[in-house]
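Below: the structure, in structure tokens.
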Amino acid sequence: MTFGMRILTGEEWQVKTSRMCIDNFTMAAQTGAWVVDALPWLNHLPAPFTPWKKTAEEWFQTWDALHKTNLRDALKHEGWNWAKDIHNAKEAQDMTEESVAWNVGILCDVGIETTSGQLQILVLACLAHPEWIPDTQKELDKVVGGEQLPDFEDIKILPYIQAVVEENFRWRHCVPAGVPHATSQNDYYKGYLIPKGSIIVAIFNGMRYDESILNAPNEFRPERWLHKSQPNNFGYGRRVCPGRQIARNSLTIAIARLLWAFEIRAKDDEKLIVDESMFTDAFVSAPKGFEALFEPRSESHVRVIEASFEGLDKDVAWIFDEVRRRQELLDVTLRA
Ligand code: HEM
């Protein structure tokens, strides 16, 4: 969507470089990653004593080159894409190429690690707590049947799938502690002064595992969220995730289709015991590598999956023009 291209394998250089930049960023963005976070005066020392500045400059150059190359390529691609749209916006006319490239590029970078990490967490939940899977598949079979993949229209009438998405965020979130915010003015909480400029880390994971409000928080129980949702899956306030609708929709359809199509289980059929050491420890935290078996639920499911793939529109320019057309139908103001 951002650059008007299809990612087929995940091994494309753009994806690999983006992943590397995000890894660097998530490492650097952890409060306390460098000693200078605690002792800011160290930044005034001569270069040999401030190695983090050289690292930051190198990381910036790699990321900057990725964003500018992606922007330039996107403007040449056929059909509609976000990069073209933002590039033509009134607000972008006075911006440098660098500003436009970063505004567009960040949209893509942040979507990659979060959505894929959250999907891997779902697979982990299938191996660790498989009890909920039959209920989900019963709902899918009743509403969607066995002759087609679930579609966006079906999602609205799949409350159990929606509850799975919600419990997936609750059980293990890909941004477990949220993104640090800062107070723009003095504030008070229960009589305590929080001075202007304080870094605030909302420990969402603590709240998601609070036994005073949640029964058996270690267990994956979608039924907690039937017909309701929880706050803060996507942060809060002025910096709330602007990709939240895309993220929720793409996660929900992917989860519905995975569970419709496959039995997902551990290789040895043993329930997996999940602990903290199985996750990366950056602030976007996903499972480290693990093995899972994906078995098609039946021969007829295989036929539907293959037929759906055959029937896919593979002409990228056509797909993006279709995206444009559908936005027009929704009265979205388009600039490309
Ligand atoms: C499962 C998927 C995703 C999750 C869980 C997620 C979660 C978050 C969270 C927790 C934040 C921090 C909000 C805060 O500071 O309070 C954030 C920020 C952000 N997200 Fe997402 N996100 C997801 C997918 C996406 C996608 C697909 C996009 C783009 C299309 C996106 C774009 C952004 C951007 C640009 C920010 C920074 C906003 C700012 O600082 O003003 N995210 N996201």
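The values are calculated or read from the model by the stated rules, or taken from the named source; none is laboratory data. In this text the structure is predicted, and so the values were computed from the model without any measurement. So basically every Cβ, Gly included, is an ideal-geometry build from the backbone, and we count neighbours across all protein chains shown. When the accessible area is computed, the model is the full protein with side chains, heavy atoms only, and any ligands, DNA or RNA have been set aside. Shrake-Rupley method; radii C 1.70, N 1.55, O 1.52, S 1.80 Å.
Laid out as a table, the results:
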{"read-out": "Enumeration of residues in segment 19-38 that are surrounded by 11 or more Cβ atoms within 10 Å (Cβ to Cβ) and either without any contact (Cβ under 8 Å) to a residue 24 or more places away in the chain or in contact with a Cys (Cβ under 7 Å, 6 or more places away or on another chain) (or both)", "value": "A33, W34, V36, D37"}
{"read-out": "Members of segment 263-297 that are farther than 30 Å from M27 by Cα, open to solvent by less than 40 Å² (accessible area, probe 1.4 Å) and at pLDDT 95 or above", "value": "I264"}
{"read-out": "Members of segment 104-131 that are open to solvent by 40 Å² or more (accessible area, probe 1.4 Å) and at pLDDT 95 or above", "value": "L119, Q120, P130, E131"}
{"read-out": "Candidates W80, W63, filtered to the one that is in a loop (DSSP other than H, G, I, E, B) and either without any contact (Cβ under 8 Å) to a residue 24 or more places away in the chain or surrounded by 13 or more Cβ atoms within 10 Å (Cβ to Cβ) (or both)", "value": "W80"}
{"read-out": "In segment 196-238, residue nearest to the chain's Cα centre (by Cα) [restricted to those that are of a type in the set (D, E, K, R) and more than 25 Å from I155 (Cβ to Cβ)]", "value": "R238"}
{"read-out": "Residue tally, condition open to solvent by 50 Å² or more (accessible area, probe 1.4 Å), within 30 Å of E131 (Cβ to Cβ) and either more than 16 Å from the ligand (Cβ to nearest atom) or out of contact with any helix residue (DSSP H, G or I) (no Cβ under 7 Å at 6 or more places or on another chain) (or both), over segment 179-237", "value": "16"}
{"read-out": "Meets criteria (within 17 Å of the chain's Cα centre (by Cα) and closer than 21 Å to W132 by Cβ) for R248", "value": "yes"}
{"read-out": "Leading residue by the ranking (farthest from the ligand (Cβ to nearest atom)) among those in segment 246-279 that are of a type in the set (G, A, S), assigned to a helix (DSSP H, G or I) and under 30 Å from R303 (Cβ atoms)", "value": "A261"}
{"read-out": "Given (1) within 14 Å of the ligand (Cβ to nearest atom); (2) touching a helix residue (DSSP H, G or I) at 6+ places or on another chain (Cβ under 6 Å); (3) charged (D, E, K, R), number of the condition D85 does not satisfy", "value": "(2)"}
{"read-out": "Cross-chain or 6+ apart pairs with Cβ under 9 Å, segment 169-198 first and at positive phi, then more than 9 Å from the ligand (Cβ to nearest atom) and hydrophobic (A, V, I, L, M, F, W, C)", "value": "G178/V201; G178/I203; G178/F283; G197/A182"}
{"read-out": "Single condition Q162 does not satisfy, out of (1) at pLDDT below 95; (2) in contact with a His (Cβ under 9 Å, 6 or more places away or on another chain); (3) of a type outside the set (F, W, Y)", "value": "(1)"}
{"read-out": "Residues of segment 88-119 classified as more than 11 Å from the ligand (Cβ to nearest atom) and either closer than 30 Å to N218 by Cβ or not in a helix (DSSP H, G or I) (or both), total", "value": "4"}
{"read-out": "Contacts under 7 angstrom Cβ, first residue in segment 115-143 being among the acidic types (D, E), partner modelled with pLDDT of 95 or more and open to solvent by 10 Å² or more (accessible area, probe 1.4 Å), 6 or more apart", "value": "D135/Y160; E139/Y160"}
